[in-house]
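Student: Pasting in a structure now, in structure tokens, and then I'll have a few things to ask.
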Amino acid sequence: MKKIAILGITSAIALEVARLYAKNGASLLIAGRDEQKLSLLKKDLTVFGASDVSSYAIDFAYLENHTSFVEWLWSQGELDCVLIAYGILGNQEDCEKKCELALEVLHVNFISVVSLLHRISQKMITQKSGNIAVISSVAGDRGRQSNFYYGASKGALNIFLQGLRNKLHPHGISVLTIKPGFVDTPMTAHLKKGFLFAASASVAKGIYRAIEKRKDQVYLPVFWGFIMFVIRIVPEKIFKKLKL
Amino acid sequence: MSYDSWGRNYQSTHLIHPIFWKNNIIYPSGPETLLPYGMGRSYGDVCQNPEEWLLPTRGLNRFIHFDREQGVLACEAGVSFDEILSLIVPKGYFLPVTPGTKFVTVGGAIANDIHGKNHHQKGTFGCYVTQFELLRSDGQLLLCSPDENAHLFKATIGGLGLTGLITWAEFKLQKIKGPLIDCETIPFRGLHSFFNLSEESKDYEYTVAWIDSLSLDLHGVFFRGNHAQEKQSLQISKKNLAIPFNFPSWVLNKHLVRCFNTSYSWIHSRRKKHLVSYEPFFYPLDRILNWNKIYGKKGFFQYQCLIPKKDAFNILSEILKLIAKSGLASFLSVLKEFGNISSPGLMSFPREGTTLAMDFSNYDQKTLDLFNELDQIVSSVHGRVYPAKDAHMSSVSFQNFFPEWKEFINFVDPRFSSGFWRRVTGGGL
């Protein structure tokens with residue numbers, strides 16, 4: 001029986017991943033900000049077949065909560081996998097107007113994840129096994145005028161995860177960077193949906209498979225790997241003139 | 001994400017306020033009315049609220065409780081039948097009643113009090129609902145069941161989403177041995193044979209007939225089946241075909257429909273018995289996502305009426321002749337005998353008798369004229385037309401079909417409305 005921790009369970013993608021593990025009878029530790037939502041999700045995952053679900057209400061933006069949270073994660077024995085799924089999109093225009101908002105995006109999406117992974121990787125090194133999966137974004141592959149605060153936070157995260165993967169590899173711990181494209185979730189509810197939007201359930205399946213195969217990095221849906229390849233090779237001289 | 005109706009027979013713009021969490025729903029402020037929107041599988045304007053608010057409910061997609069001993073399931077209103085089936089079928093349960101598509105939400109199933117191929121034995125979905133929660137626009141959160149807020153319970157089942165937002169519901173499931181259906185297909189000719197076959201198939205859990213709407217002598221195929229006793233399942237392809245764009249309107253012409261109907265009759269030209277998976281039996285069209293796009297930009301209509309038992313034969317003969325003569329109908333034409341199990345729903349569509357459902361390409365006035373003619377015939381024998389499929393009926397017809405509407409308006413939430421509701425109540429009340 002697997003034991004999986006999911007941080008930011010109220011994200012639509014995270015819930016779908018949790019359901020896939022629940023179907024296989026996994027034991028789940030779920031964390032999110034809102035106690036009421038956690039209790040709804042606990043029931044849902046139990047219906048899906050989770051052998052056990054425990055929850056922890058926490059706002060990850062407050063770094064001082066991290067130590068006790070990670071202690072709680074390991075209080076019931078070793079973990080097979082930790083999936084970090086929380087994040088904020090932020091609004092580019094607002095971020096440009098107000099520096100605090102821009103820094104908040106960086107703080108939540110990058111700084112707080114580093115703070116958690118610092119502690120989590122130590123625990124995993126001690127148990128000599130495990131799997132760390134983090135939901136990043138294709139937006140971190142190249143800075144674009146339309147959302148570069150979000151993009152920068154995810155780009156920094158990608159580099160951090162690369163290093164961490166390198167560092168943890170000898171310890172038998174794998175680190176997965178997940179780069180979803182547009183996904184139809186509450187985070188993108190306000191956006192007009194084109195054909196590039198994927199359903200959260202299908203992205204979740206991709207995440208589940210990538211975790212189980214202990215992959216290093218995955219674009220979801222996979223065609224985003226191609227799109228981002230093209231976007232990365234455009235010379236900066238040209239790229240800076242584009243309206244992306 | 002588009003917020004069309006399935007028939008796509010008219011374009012409207014909406015204000016959109018998606019709902020995600022049932023315990024902190026805040027309705028948008030302002031004077032515009034509200035209407036819950038699930039998966040948009042109703043054909044006309046019962047799921048449309050032009051220029052005003054739609055409340056997409058698919059975000060309410062959590063399960064709450066699954067009692068595997070008693071076969072009772074509780075979930076939020078935006079959960080789809082598709083999601084329910086993939087959870088319960090492996091555990092030996094099935095939906096008590098299902099329509100011809102699994103892409104409907106629980107909220108939508110209640111609001112339209114949907115029926116299926118087992119109506120003659122089981123009645124409507126509403127018969128199996130044990131309780132639900134309703135959020136009214138004044139902020140009242142009401143638990144509704146046959147014992148508590150019983151009037152609202154009855155008004156909401158078949159209430160077309162007008163009595164408030166259903167946040168979650170609990171309903172009974174039926175036990176099955178496995179995912180297969182023991183199915184028999186019988187070709188037939190003439191309306192008489194349909195009634196005879198329906199009569200002799202009363203003990204089958206599921207019955208339905210497909211008919212060739214273009215044939216004057218009425219030939220068709222009768223399907224009947226039971227949940228099989230076998231435990232095993234059949235390998236079925238999970239791949240879906242998607243129609244990526246609107247077909248040009250000339251594609252779907254009379255000749256193509258004739259070809260389709262002839263080949264469909266030919267495939268089923270011999271009586272046969274076989275085991276099939278439940279998906280192709282109940283949901284043959286779900287394999288083709290967006291099949292509604294084959295009707296092109298102008299969309300299409302479905303006409304579904306119910307003719308009470310005593311007049312069923314004569315009236316249906318008349319109606320079918322009229323439709324065959326018009327040559328306007330398309331390939332999906334279905335006949336089904338309803339039973340006498342009454343639903344708790346005040347405005348529920350099914351009654352004892354025979355129902356006919358037919359798709360029609362949108363030929364504007366020509367099609368609507370035919371519908372008006374049909375409405376008059378249906379009305380003359382106290383039959384009715386199904387609001388979930390409707391995009392045309394006049395307020396006079398509606399009020400004839402559903403005399404209960406006068407009682408129903410007492411339970412309509414003052415801030416809830418729909419394109420359909422404004423049409424059939426003549427704008428103001």
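The values are calculated or read from the model by the stated rules, or taken from the named source; none is laboratory data. Since this is a predicted model, take the numbers as computed values, not measurements. Here the Cβ is made from the backbone with ideal geometry for all residues, glycine too, and neighbour counts use every protein chain on show. Quick note on the areas: whole protein, heavy atoms, side chains included, nothing else; ligands and nucleic acids left out. Shrake-Rupley method; radii C 1.70, N 1.55, O 1.52, S 1.80 Å.
Student: Do any residues of region B:69-111 lose at least 40 Å² of accessible area when the full set of protein chains is present rather than just their chain alone, and if so which, with a 1.4 Å probe?
Tutor: In region B:69-111, residues shielded by partner chains: B:LEU87.
Student: Please report, as a whole percent, how much of the solvent-accessible surface of region A:3-239 comes from carbon and sulfur atoms (probe radius 1.4 Å).
Tutor: Ligands and nucleic acids excluded, carbon and sulfur reach 57 percent.
Student: Among A:CYS95, A:TRP224, B:ASN314, which residue has its Cα positioned farthest towards the positive end of the charge dipole of the protein assembly as shown, with +1 placed on the Cβ of Lys and Arg, -1 on the Cβ of Asp and Glu, and the dipole taken about the Cα centre?
Tutor: A:TRP224
Student: Can you give me the % of accessible surface on chain B that is carbon or sulfur? Probe 1.4 Å, all protein chains present, nothing else counted. Please list the in-between numbers first.
Tutor: Details: 9610 of 17700 Å².
Of all accessible area on chain B, carbon and sulfur atoms account for 54 percent.
Student: Going toward the positive end of the dipole of the protein assembly as shown, with +1 on Lys and Arg Cβ and -1 on Asp and Glu Cβ, which of B:GLY78, B:THR105, A:GLY77 do you reach last?
Tutor: Value: A:GLY77.
Student: Moving to a separate point now. Do any GluC sites (Glu not before Pro) in region B:146-240 lie in a DSSP loop with no more than 15 other beta carbon atoms within 10 Å, and if so, which?
Tutor: Sites meeting the loop and neighbour criteria: B:GLU148, B:GLU230.
Student: Under 1.5 on a/c is rounded, so check that first for region B:291-429, then, if it is not, pick prolate when a/b is larger than b/c and oblate when it is not; a ≥ b ≥ c are the square roots of the alpha carbon gyration tensor eigenvalues. It would help to have the intermediate numbers written out before the result.
Tutor: Values: a/c = 1.78, a/b = 1.19, b/c = 1.49.
Oblate, since a/c reaches 1.5 and b/c is not below a/b.
Student: Let's see if you can work this out: charge +1 on each Lys and Arg Cβ, -1 on each Asp and Glu Cβ, no other charges. What is the dipole magnitude of region B:180-394 about its Cα centre, in debye to the nearest 20?
Tutor: Numbers: 25 positive and 21 negative charges, 125 e Å.
Using Cβ point charges on Lys, Arg, Asp and Glu, region B:180-394 gives about 600 debye.
Student: With +1 assigned to the C-beta of every Lys and Arg and -1 to the C-beta of every Asp and Glu, and no other charges, what is the dipole magnitude of chain A about the Cα centre in debye, to the nearest 20?
Tutor: 920 debye
Student: Let me ask something else about it. What is the local net charge at B:PRO146, summed over the other residues whose Cβ is closer than 13 Å to its Cβ (Lys, Arg +1; Asp, Glu -1)?
Tutor: Overall, the nearby charge balance is -1.
Student: Among B:LEU346, B:PRO146, B:PRO179, whose Cα sits farthest toward the positive end of the charge dipole of chain B (+1 at Cβ of Lys/Arg, -1 at Cβ of Asp/Glu, about the Cα centre)?
Tutor: B:PRO179
Student: Would you mind getting me the FRET efficiency between B:LEU141 and B:ILE16? Use the beta-carbon distance for r and R0 = 25 Å, nearest 0.05.
Tutor: Details: r = 23 Å, r/R0 = 0.92.
Efficiency, rounded to the nearest 0.05: 0.60.
Student: When the helix-only estimate is applied to chain B (DSSP H runs of n ≥ 4, each -39,500 (n - 2.57), divided by the residue count), what is the mean residue ellipticity at 222 nm, nearest 500 deg cm²/dmol? Mind dumping the intermediate values first?
Tutor: Working: 12 runs with 102 residues, N = 429.
The helix contribution divided over chain B gives -6500 deg cm²/dmol.
Student: Could you tell me whether region A:164-244 comes out rounded, prolate or oblate from its Cα gyration tensor? Rule is a ≥ b ≥ c as square roots of the eigenvalues, rounded for a/c under 1.5, then prolate if a/b exceeds b/c, otherwise oblate.
Tutor: Numbers: a/c = 2.65, a/b = 1.29, b/c = 2.06.
Oblate, because a/c is 1.5 or more while a/b does not exceed b/c.
Student: Any residues in region A:40-56 that have 50 Å² or more less accessible area with all protein chains than in their chain alone, probe 1.4 Å, and which are they?
Tutor: Residues of region A:40-56 that lose at least 50 Å² of accessible area once the other chains are added: A:LEU40, A:VAL47.
Student: Within 10 Å, count the other beta carbons around each residue, average over each peptide in B:352-365, B:254-267, and list them highest first.
Tutor: Numbers: B:352-365: 19.9, B:254-267: 14.0.
Result, highest mean Cβ count within 10 Å first: B:352-365, B:254-267.
Student: Over region B:180-394, give the accessible area per residue in Å² for a 1.4 Å probe, as an integer. Write down the numbers at each step before the final one.
Tutor: Numbers: 10130 Å² over 215 residues.
Using a 1.4 Å probe on heavy atoms only, each residue of region B:180-394 averages 47 Å².
Student: Separate question: In debye to the nearest 20, how big a dipole does the protein assembly as shown give about its Cα centre with +1 on each Lys and Arg Cβ and -1 on each Asp and Glu Cβ?
Tutor: Details: 75 positive and 60 negative charges, 491 e Å.
Dipole of the protein assembly as shown, to the nearest 20 debye: 2360 debye.
Student: Now for a separate question. Just B:PHE331, B:PHE66, B:PHE222 to compare: in a GNM of chain B, with alpha carbon springs under 10 Å, which one fluctuates most?
Tutor: Judging by the Gaussian network model, the answer is B:PHE66.
Student: Right, here's the next one. Counting only protein heavy atoms and rolling a 1.4 Å probe, how much accessible area do B and A lose on contact, total for both sides, in Å² to 100? Spell out each step's value before the answer.
Tutor: Numbers: alone 18410 and 12300 Å², together 29290 Å².
Adding both sides of the contact gives about 1400 Å².
Student: Per 5 Å bin from zero, what fraction in whole % of the C-alpha pairs of chain A is there, up to the bin with the longest pair?
Tutor: 1, 6, 13, 18, 21, 18, 12, 6, 3, 1, 0
Student: Which residues of region B:14-55 end up with at least 10 Å² less accessible area in the presence of all protein chains than when their chain stands alone, using a 1.4 Å probe?
Tutor: B:PRO18, B:PHE20, B:TRP21, B:LYS22, B:ASN23, B:ASN24
Student: Same structure again: May I ask you to give the solvent-accessible area per residue for region B:1-104, in square angstrom, as obtained with a 1.4 angstrom probe?
Tutor: Details: 3660 Å² over 104 residues.
Accessible area per residue: 35 Å².
Student: Given the rule -39500 (n - 2.57) for each run of at least 4 DSSP H residues, summed and divided by the residues of chain A, what is its mean residue ellipticity at 222 nm, to the nearest 500 deg cm²/dmol?
Tutor: Rounded to the nearest 500, it is -14000 deg cm²/dmol.
Student: A further question on this structure: State in Å² the accessible area per residue of region A:3-239; use a 1.4 Å probe, count heavy atoms of protein chains only, and round to the nearest integer. It would help to have the intermediate numbers written out before the result.
Tutor: Values: 10720 Å² over 237 residues.
Per-residue accessible area for region A:3-239 comes out at 45 Å².
Student: Here's a follow-up. Tally Lys and Arg at +1 and Asp and Glu at -1 over the other residues with C-beta under 15 Å from the C-beta of B:LYS297: what net charge comes out? Don't skip to the answer; put the middle values down first.
Tutor: Numbers: positive: B:ARG8, B:LYS293, B:LYS298; negative: B:ASP4, B:ASP364.
Residues close to B:LYS297 contribute a combined charge of +1.
Student: Taking the Cβ-Cβ separation of B:GLU407 and B:GLU373 as r and a Förster radius of 41 Å, what is the calculated FRET efficiency to the nearest 0.05? Kindly include the intermediate steps, with their values, before the conclusion.
Tutor: On the way: r = 29 Å, r/R0 = 0.72.
FRET efficiency, B:GLU407 to B:GLU373: 0.90.
Student: May I ask for the net charge around A:LEU7, where only other residues with Cβ less than 13 Å from the Cβ of A:LEU7 are counted and Lys, Arg are +1 while Asp, Glu are -1?
Tutor: Values: positive: A:ARG33, A:ARG119; negative: A:ASP59.
Neighbourhood net charge equals +1.
Student: Okay, moving on. Cα axis of helix A:148-168 to longest principal axis of chain A: angle in degrees, 0 to 90, nearest 10?
Tutor: On a 0 to 90 degree scale, this one is about 50.
Student: Ok, one more. In Å, what Kirkwood hydrodynamic radius results for region B:180-394 from the alpha-carbon pair distances? Could you put the intermediate results ahead of the total?
Tutor: Values: mean 1/r = 0.0543 Å⁻¹.
Evaluated on region B:180-394, it is 18.4 Å.
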